[in-house]
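Sharing a structure with you now.
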Amino acid sequence: MSTQETRTRIVWDYAPAPESPEHVRLRDSYGLFIDGDFRAPLDGTMVPSINPASEETLAEVAFAGEEDLRRAVDAARAAQPGWAALSGLERGKYLFRIARLIQERARELAIVESMDGGKPIRESRDVDVPLAAAHFFHYAGWADKLSYGVAGRDVAPHGVAAQIVPWNFPLLMAAWKLAPALACGNTAVLKPAETTPLTALFLAEICQEAELPPGVVQVVPGDGSAGAALVRQPGIDKVAFTGSTGVGKDIQAALAGRGIPLTLELGGKSANVIFEDAALDQAVEGIVNGIFFNQGHVCCAGSRLLIQESVADVVIGKLWERMGRLRVGDPLDKNTDVGAINSREQLTRIQELVSAGEEEGAVRRSVACELPERGWWFAPTIFTEVAPAHRIAVEEIFGPVVSVLTFRTQAEAIQKANNSAYGLAAGIWTDKGAKAFEVASALQAGVVWQNTYNHFDPTAAFGGYKESGFGREGGPAGLRAYLKVS
Amino acid sequence: MDRVGIEERAALLAKRSIKTSAKQQGIRLAVSMTDLTTLEGADTAGKVRNMCAKAVCPSPTTPEIPSCAAVCVYPSLIGIVRESLDGTGVKAAAVATAFPSGQASLDVKLRDVEEAVAAGAEEIDMVISREAFLSGDDTRVMEEIVRVREACGDAHLKVILETSELGSYDHVRHASMLAMEAGADFIKTSTGKSTAGATPGVTLVMLEAIRDYAERSGRAVGMKAAGGVSNSKAALHRLVLVKETLGDEWLTPERFRLGASSLLNDLLMQYEKTQTGHYARPEDFSRE
């Protein structure tokens, strides 16, 4: 018989809800995708790709050597005239096909993205993969309207694009690079990041399935030295790089005097500015989404939190309480909010900067969550009493660590937000429309979000000011990087 | 309050995957929080007695399913409810104060409450005067609640905001705060007689108001989501909102309720599916 007693004993926790990797068609090893097929490396090596949540090997992947890169660039060179000669409508058809195949294999791609990179399945399923498809759809539509994207002027592709993408959004960044390049009639040699090559190789399979002409897309995994060698290949006509500012500077030096156009999307230390008249509970959600999305491995992460002093205590209190509810753990669990740190190397860097923050006198609080024994993890962390001169207020941490600074007036907020070597993104939280527009136009940042953060759309241009790089990706602005305009 | 942000957060929490043991426990918890409700002109003593039996023992064949929290009726039937529920632990609740519109004088509303309490109501669900709220007369809104609170005596007071008539999330939060300041034990979304009920956004805003009020005053106010929560998925989503806004301390019938009539059978059907692996027929469950 049911009684009041049965009822008081009910405790409720979410049971584990792991996405099953069973039906994922992951091969044991992957060659280099060159000229329409997977090929054994000529002078490259086989390197394991590791699951950062378990430290287990997922597959062996060929890393390209010098000879392999030359072969890849040659294949792209050979295919380029034919690809550019197709009508825009025909190129668009291929891109539409790729977009649809990404949707068809969405679940598989999401699982592999989470296994290879450590990000929560909720994000790879709801953000990375749908956005990757959306980018192909968007640029498929532009393929036969290119001159309309550049104010009616005449356009021509550059030729062979060398594209290097980072490990934080492996599939999505590949889509950001390939979709506009292909739409504009370029062919591409894509180098995925060393720790996360798998979804780019899946994308190569998709290119095969879509019967994309051989040579239009090459996927050549490798480490930093392969990237450095790729941009030094003589046969390339265009370089696009997303990654760290240090590597970006090296690439720019390598291209100096060669007349090769370059777009760089580099690091950031983006300011998320909370005014006292903001909707504070929603601002707290925005702060969480700004810094803990993808473990903070986001170039535009809202890592410098600027809060108006009058509401700082309230906001920090709410934020700390909210951080305690983040679910950290198995990336494949559908209820996980914060997954694994992408690599041991990145974990070391986060730890190093966090220690520096403590030594410099900022106050650190990390969520007391249970972390798995194997794999690489870092608990969500907040630093208060941060001074603008502290390393944690200046350098990109690229992890789930937010540094809180305060300001008194609007002018001070703008001054502090702009007081950075970077200028990739910013967030403004206020209920006052006029203030939002005024502050947005004063901020030196490529993207300014108002009352939201980390929202992406293929129609919107993305890119940086200052040391965050130059050139824009996304929308019609993204066509410019892949066209000669006359 | 930012509408877009609120609804995004609520929608994000709808994506929590509640499976296997979590689903079973969640359903049991939801049953224990249900105020089984009938508010029809055609309600009779017979129907209400049947409903009380169901509230006490929702599923005789599955003893691990607990009793509901309360049975909620119009004041004229509260005596029957009290009698039927005597000694069961299930509470007798009455709607009062010229429910659902609240368009009557304060005297009439107070008489309504007094009669219901005298007839055995242990919980009173009152409506705020939306007429006063929307014309900006916060004082009258609060004064009415304070007076009803007095008239309740020992009975628990749930204050219905009728959020779908308030027009914005800012108003929902403001009305929540007024009701809590005036002494509400619970704040409740809706009468179930208007266009929309306990939408995820409204539920979230009220839970956040409860959290902020508790932090400021030290007093824990309960929440009742009523109207529109008609299936297990919606009920579990509301529990997720509670868990991730107020925490586990609020996941008890003393602090959270679901006001519903058709929800209970869906909970029972879904529970049985977790046991047997397939859905039973609707006619396998008694209507009331």
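Given points 7 Å out from each Cα along the Cα-Cβ axis, report the B:Glu40 to A:Ala151 separation in nanometres with one decimal.
Each label point lies 7 Å from its Cα, and together they span 7.0 nm.
Normalise the Cα radius of gyration of the stretch A:136-202 by 2.2 N^0.38 Å (N = residues in it) and let me know the number.
Compactness ratio reported: 1.22.
Provide, as a two-decimal number, the C-alpha radius of gyration of the stretch A:271-458 over 2.2 N^0.38 Å, N being how many residues it has.
Dividing the Cα Rg of the stretch A:271-458 by 2.2 N^0.38 Å gives 0.98.
Return B:Arg255, B:Arg3, A:Arg304 ranked ascending by Cβ neighbour count within 10 Å, so the fewest neighbours appear first.
Arranged by neighbour count, lowest to highest, B:Arg255, B:Arg3, A:Arg304 become B:Arg3, B:Arg255, A:Arg304.
While we're looking at this one, here's another question. Name all residues of the stretch B:138-175 having a backbone nitrogen under 11 Å from the label point set 7 Å from the Cα of B:Arg216 along its Cα→Cβ direction, giving them as ranges.
Once the point is set 7 Å along Cα→Cβ of B:Arg216, B:174-175 turn out to lie under 11 Å by backbone N, inside the stretch B:138-175.
What do you get for the angle between helix A:66-85 and the principal long axis of chain A? Use alpha-carbon atoms, 0 to 90 degrees, nearest ten.
70
Separate question: How are the Cα pair distances of the stretch A:215-254 distributed, in percent, across 10 Å bins from 0?
Using 10 Å bins, I get a P(r) of 24, 62, 13, 0 for the stretch A:215-254.
B:Asp154 to A:Arg325: FRET efficiency via 1/(1 + (r/R0)^6), r the Cβ-Cβ distance, R0 41 Å, to the nearest 0.05?
Once rounded, the FRET efficiency stands at 0.70.
So if I take the centroid of the Cα atoms in the stretch B:209-264 and the same for the stretch B:51-113, what is the distance between those two points in Å?
Rounded to whole Å, the Cα centres lie 19 Å apart.
Calculate the FRET efficiency for B:Thr274 and A:Asp431 from the Cβ-Cβ distance with a Förster distance of 56 Å, rounded to the nearest 0.05.
E(calc), rounded to 0.05, equals 0.80.
How high is the relative contact order of the stretch A:81-189, in percent, with contacts defined as C-alpha pairs under 8 Å that are six or more residues apart?
36 percent.
Working from Cα positions, state the angle (0 to 90°, nearest 10) between the long axis of helix A:245-255 and the longest principal axis of chain A.
Roughly 20 degrees between the two axes.
Right, something else. Kirkwood hydrodynamic radius for the stretch A:51-103: how many Å is it when counted over pairs of different Cα atoms?
Result for the stretch A:51-103 stands at 14.6 Å.
Let me ask something else. By how many nm would the segment from A:Ala15 to A:Glu55 grow when fully extended, if each residue of separation counts as 0.36 nm and the alpha-carbon distance is taken off?
Contour length minus the Cα-Cα distance gives 12.0 nm.
Let me ask something else. Round to the nearest 0.05 the FRET efficiency obtained for A:Glu90 and A:His455 when R0 = 35 Å and r is the Cβ-Cβ distance.
The value I calculate is 0.60.
Within 10 Å of each Cβ in B:28-35, how many Cβ atoms from other chains are there, averaged over the peptide?
Per residue, the average neighbour count from other chains is 3.
Please turn the phi angles of the stretch B:274-279 into ³J(HN,Hα) values with the Karplus equation 6.51 cos²θ - 1.76 cosθ + 1.60 (θ = phi - 60°), one per residue in order, whole Hz, x for glycine and proline.
5, 8, 9, x, 9, 7
Also, I was wondering about something else. Taking the Cβ of A:Gln163 as the center, what net charge do the other residues with Cβ under 10 Å away carry, scoring Lys and Arg +1 and Asp and Glu -1?
Spelling it out: positives minus negatives among the neighbours equals +3.
In whole percent, what relative contact order does the stretch A:222-357 give with Cα contacts below 8 Å and a gap of six or more residues?
With pairs under 8 Å counted, the relative contact order is 18 percent.
While we're here: With a 10 Å radius around each residue's Cβ, average the other Cβ atoms per peptide and rank A:19-29, B:31-41, highest first.
The most tightly packed comes first, giving B:31-41, A:19-29.
Consider a paramagnetic label point 7 Å from the Cα of B:Ser101 along Cα→Cβ; state which residues of the stretch B:126-170 have an amide N under 14 Å from it.
In the stretch B:126-170, the label zone of B:Ser101 (backbone N under 14 Å from the point 7 Å along Cα→Cβ) covers B:129-132.
Here is a follow-up. With N denoting the number of residues in chain A, provide Rg(C-alpha) divided by 2.2 N^0.38 Å, to two decimal places.
0.99
Still on this structure, I have one more. Based on DSSP H runs of at least 4 residues, each adding -39500 (n - 2.57), what is the mean residue ellipticity at 222 nm of the protein assembly as shown after dividing by all its residues, to the nearest 500 deg cm²/dmol?
One gets -13000 deg cm²/dmol as the mean residue ellipticity at 222 nm.
Quick one: order B:Ser194, B:Ser217 by neighbouring beta-carbon count within 10 Å, fewest to most.
Listed from fewest to most nearby Cβ atoms, that is B:Ser217, B:Ser194.
Within the set of other residues whose C-beta is less than 14 Å from the C-beta of A:Ser486, count the net charge using Lys and Arg as +1 and Asp and Glu as -1.
With Lys, Arg at +1 and Asp, Glu at -1, the neighbours total +2.
Hey, what did chain A get for relative contact order, percent, Cα under 8 Å, at least 6 apart?
So the answer I get is 18 percent.
Next question, about the same structure. Would you mind pulling out the separation of the Cα centroids of the stretch A:163-201 and the stretch A:394-454, in Å?
Each part's Cα centre sits 29 Å from the other's.
Taking the Cβ of B:Lys15 as the centre, find all other residues whose Cβ is under 10 Å away and add up their charges (Lys, Arg: +1; Asp, Glu: -1).
+3
Evaluate peptide A:276-284: per residue, the Cβ atoms of other protein chains within 10 Å of its Cβ; return the mean as an integer.
The shielding value for this peptide is 5.
Between the alpha-carbon centers of the stretch B:130-205 and the stretch B:12-33, tell me the distance in whole angstrom.
Using only Cα atoms, the two centres lie 27 Å from each other.
Values in this text are rule-based calculations from the coordinates and carry no lab data. These figures come from a predicted structure and were not determined experimentally. Cβ atoms come from the backbone with ideal geometry, glycine included; neighbour counts cover every protein chain shown.
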